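Asks: Mind having a look at this structure? Questions to follow.
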Amino acid sequence: MAPIADLVTVLEDVSGVHVAVLPVAGNDHHGMRGGDPNRHVTVLGAAATAHPVRLRSTLAHELGHHVFGDPTPLKWSDKSPEENRATEFARHLLVPIEGLVELLGEPGQVDVTEPLLSKVVERFAVSPQMAAIQLREAGFINRAVADKYMSVSSRALATRYGWTALYQQWSVDSQVVRPPRQIVASGINAFIGGHATVETLANLQDTTTDAVRANLDEAGIAPAPPEPVETVEDTLDWASLGSEDPAGG
């Protein structure tokens, strides 16, 4: 029922998938899904973008494909039953109808004006289009009102109803490249164990070696000192061998 604030963290913690926000140039509404079936590892990805609600819907859409075990690859342009189902899954995940009722009251008892639409969009961090469809399905508005609201942008609502600063923060956050947390943690464990370099960690996190090195130094993270290697001489019990002087004859 509640809004999902950090969708990436929730998907990783609840669904057991790896989630990546990727540095993709050009068309920025990409979603992807892949992994290693032998190790039962799934990675969901979406392109970093200045459009925060698009990023959230893309990740939720890809999770829908994962939950239903849809084949890969599927293209966004496909109007297949799998695509439609993943879209509906994303809508109900991000804007649960029970959450709308909790926020607005029972359908038929409240007039959902544009200020209330803005409240829904702000609370659930979704597009007016997604919010309008859910409001219509829940019985709060009819199709004509839904069609009207679907022509509005989330940025315009934020500007009109006073939450521009929040929207701008969403936009900043959604442009940050985020590698899968568990994979980065494994890389750092390998670094501590002496099996990965700073360059490897920089590649994983799509950043510079200087930035990684600075973060590691600030956190006090360094490779563990090598274990002392025992030599044959260290392990011999000279007394039991009957020698008075291990260095003598």
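The values are calculated or read from the model by the stated rules, or taken from the named source; none is laboratory data. Because the structure is predicted, anything quoted here is derived from the model rather than measured. Here the Cβ is made from the backbone with ideal geometry for all residues, glycine too, and neighbour counts use every protein chain on show. The accessibility values were calculated without ligands, DNA or RNA, using every heavy atom of the protein model including side chains. Shrake-Rupley method; radii C 1.70, N 1.55, O 1.52, S 1.80 Å.
Asks: Expressed as an acute angle from 0 to 90° and rounded to the nearest 10, what is the orientation of the C-alpha long axis of helix 209-219 relative to the principal long axis of the chain?
Replies: 80 degrees
Asks: Additional query: Return the FRET efficiency for the residue pair ARG143, ALA2: r is the Cβ-Cβ distance, R0 is 30 Å, and the value is rounded to the nearest 0.05.
Replies: The value I calculate is 0.60.
Asks: Could you work out [θ]222 nm for the chain from helices alone, using -39500 (n - 2.57) per DSSP H run of at least four and dividing by all its residues? Round to the nearest 500 deg cm²/dmol.
Replies: Taken over the chain, the calculation gives -15000 deg cm²/dmol.
Asks: Related question: Can you compute the equivalent ellipsoid semi-axes for the stretch 178-228, i.e. the square root of 5 times each eigenvalue of the Cα gyration tensor, sorted largest first and rounded to whole Å?
Replies: Output for the stretch 178-228: semi-axes of 18, 13, 9 Å.
Asks: Using only Cα atoms, what Kirkwood radius does the chain have, in angstroms?
Replies: Result for the chain, one decimal place: 21.6 Å.
Asks: On to the next question. For THR42, THR207, write out the residues from largest to smallest accessible area, computed with a 1.4 angstrom probe and no ligands counted.
Replies: So, going from the largest accessible area down, we get THR207, THR42.
Asks: Still on this model: With bins 10 Å wide starting at 0, give me the P(r) of the stretch 57-175 over every alpha carbon pair, in whole percents.
Replies: 13, 40, 34, 13, 1
Asks: Please list, in order along the stretch 159-169, the HN-Hα scalar couplings obtained from phi with the Karplus expression 6.51 cos²θ - 1.76 cosθ + 1.60 (θ = phi - 60°), rounded to whole Hz, x for Gly and Pro.
Replies: Values per residue, Gly and Pro as x: 5, 5, 10, x, 10, 4, 4, 5, 4, 4, 5 Hz.
Asks: With every protein chain kept in place and ligands, DNA and RNA left out, what is the accessible area per residue of the stretch 49-164? Probe 1.4 Å, answer in Å².
Replies: About 48 Å² of surface per residue is accessible.
Asks: In percent, what relative contact order does the chain have, based on Cα pairs under 8 Å that are 6 or more apart in sequence?
Replies: Relative contact order comes out at 17 percent.
Asks: Related question: Which number do you get for Rg(Cα) / (2.2 N^0.38 Å) in the stretch 132-236?
Replies: 2.01
Asks: Around ILE141, which amide H atoms from residues at least 5 apart in sequence, or from another chain, sit under 5 Å from its own amide H, with H modelled in the peptide plane?
Replies: Under 5 Å from the amide H of ILE141 lie the amide H atoms of ARG136, each far enough along the sequence or on another chain.
Asks: If you don't mind, there's one more thing I want to ask. Could you grab the relative contact order for the stretch 96-216? Cα pairs under 8 Å, six or more apart, rounded to a whole percent.
Replies: In percent, rounded to a whole number, it is 17.
Asks: If you don't mind, another one. Return a whole-number percent for the relative contact order of the stretch 1-135, with Cα pairs under 8 Å and 6 or more residues apart as the contact set.
Replies: 23 percent
Asks: Continuing with this model, one more query. From the backbone phi of the stretch 57-72, what are the Karplus-calculated ³J(HN,Hα) couplings (6.51 cos²θ - 1.76 cosθ + 1.60, θ = phi - 60°) in whole Hz, Gly and Pro given as x?
Replies: So the J values, rounded to whole Hz, are 5, 5, 5, 5, 4, 5, 4, x, 4, 5, 4, 8, x, 5, x, 10.
Asks: Can you find, among ILE221, VAL43, TYR167, the residue farthest towards the positive end of the dipole of the chain? Put +1 on the C-beta of Lys and Arg, -1 on that of Asp and Glu.
Replies: Among ILE221, VAL43, TYR167, the one farthest towards the positive end of the dipole of the chain is TYR167.
Asks: Looking only at the chain, where both bridge partners belong to it, what percent of the DSSP beta bridges are antiparallel (to the nearest 5)?
Replies: Counting DSSP beta bridges with both partners in the chain, the antiparallel share is about 60 percent.
Asks: To continue, here is another question. Share of the stretch 31-157's accessible area from carbon and sulfur, percent, 1.4 Å?
Replies: Carbon and sulfur together cover 51 percent of it.
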